[in-house]
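Single-structure report; data block below.
Bear in mind that the values in this text are calculations on the coordinates, not laboratory data. The structure displayed is predicted, hence computed values, not measured ones. Here Cβ is always computed from backbone atoms with ideal geometry, including for glycine, and neighbour counts include all displayed protein chains.
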Amino acid sequence: MDEKNQNLEKSEFRKCRIKICGLTNPIEAEYLNKNKVDFAGIVMFYEKSRRNVSAEKAEEIIKALSGDIKTVAVMVSPTLEQVRLAEQAGFDYIQIHGNLSDEVIKEGKIPILKAFNIGDMDKYEDYGKCPRIAGYVFDADKPGSGKTFDWNLLRKLPRDGKLFILAGGLNDKNVADAIRCVRPDGVDVSSGVEYTDRQGKDPKLIDSFVASVRETDITASS
């Protein structure tokens with residue numbers, strides 16, 4: 001293969017963005033800084049989640065993250081007041097599961113990542129024309145459960161240029177297959193990089209997950 005074709009192949013190889021979600025303390029931020037991931041997710045105002053943190057703790061984590069990593073406040077059907085608190089904490093995005101109210105769309109200040117579960121993907125195209133929606137996160141029926149879903153469901157969805165992020169049960173063993181199947185702009189992991197015997201992120205699993213993603217060509221399809 002000549003040098004020109006080698007350079008062409010390199011330019012066509014596109015890497016998937018990486019979002020590590022569910023950070024609970026500033027120490028975990030260092031794991032993300034080391035791997036130079038793209039997004040960090042922090043759960044707020046959802047006490048049912050073991051990863052839920054206060055606004056004060058969220059600010060500590062944000063301060064520990066590299067400025068190159070975009071921060072995402074993960075919420076379920078938030079009120080405008082809760083969204084305001086996330087904005088004040090310094091988040092770059094808000095990821096919203098459940099209900100997204102007209103008030104939050106109209107009055108919020110930072111971009112929104114709308115989360116979908118396998119039961120509500122029929123509403124996907126409704127958000128395509130909304131300028132406040134920066135992208136989508138596609139998750140399993142129960143977010144944070146560590147379970148996958150049928151990735152082929154996403155292959156039928158039209159792309160509109162907004163961020164298209166795959167979540168739901170991803171880990172270092174299956175993420176390459178997920179990328180080849182869906183060809184997302186990014187992948188989102190939480191339980192797949194956590195310790196099995198205690199709470200918190202496992203730096204070795206984060207290293208392995210990131211390596212698997214970065215070795216996979218986003219343009220490849222099965």
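So how much slack lies between D160 and D102, counting 0.36 nm per residue of separation and subtracting their Cα-Cα distance, in nm?
Details: separation 58, 0.36 × 58 = 20.88 nm, distance 2.12 nm.
Residue separation times 0.36 nm, minus the Cα-Cα distance, leaves 18.8 nm.
Counting each DSSP H run of 4 or more residues in the chain as -39500 (n - 2.57), what helix-only mean residue ellipticity at 222 nm follows after dividing by all residues, to the nearest 500 deg cm²/dmol? Display every interim value, and only then the final one.
Values: 8 runs with 70 residues, N = 222.
Computed ellipticity for the chain at 222 nm equals -9000 deg cm²/dmol.
Just the number, please: percent antiparallel of the DSSP beta bridges in the chain, rounded to the nearest 5. Write out the running numbers ahead of the final one.
Numbers: 1 of 33 bridges.
Roughly 5 percent of the DSSP beta bridges within the chain come out antiparallel.
Which net charge results when you count Lys and Arg as +1 and Asp and Glu as -1 among the other residues whose beta-carbon is under 13 Å from that of I165?
Working: positive: R17, K19, K70, K114, R159, K162, R183; negative: D38, D139, D185, D188.
Net charge in that neighbourhood comes out at +3.
Would you kindly state how much longer the chain becomes between T196 and K147 on full extension, computed as 0.36 nm times their sequence separation minus their alpha carbon distance, in nm to one decimal?
Details: separation 49, 0.36 × 49 = 17.64 nm, distance 1.47 nm.
Gain in length upon complete extension: 16.2 nm.
On full extension of the chain, what length is gained from Y124 through E56, given 0.36 nm per residue of separation minus the C-alpha to C-alpha distance? Show your work: numbers first, answer last.
Details: separation 68, 0.36 × 68 = 24.48 nm, distance 3.29 nm.
So the chain would gain 21.2 nm between Y124 and E56.
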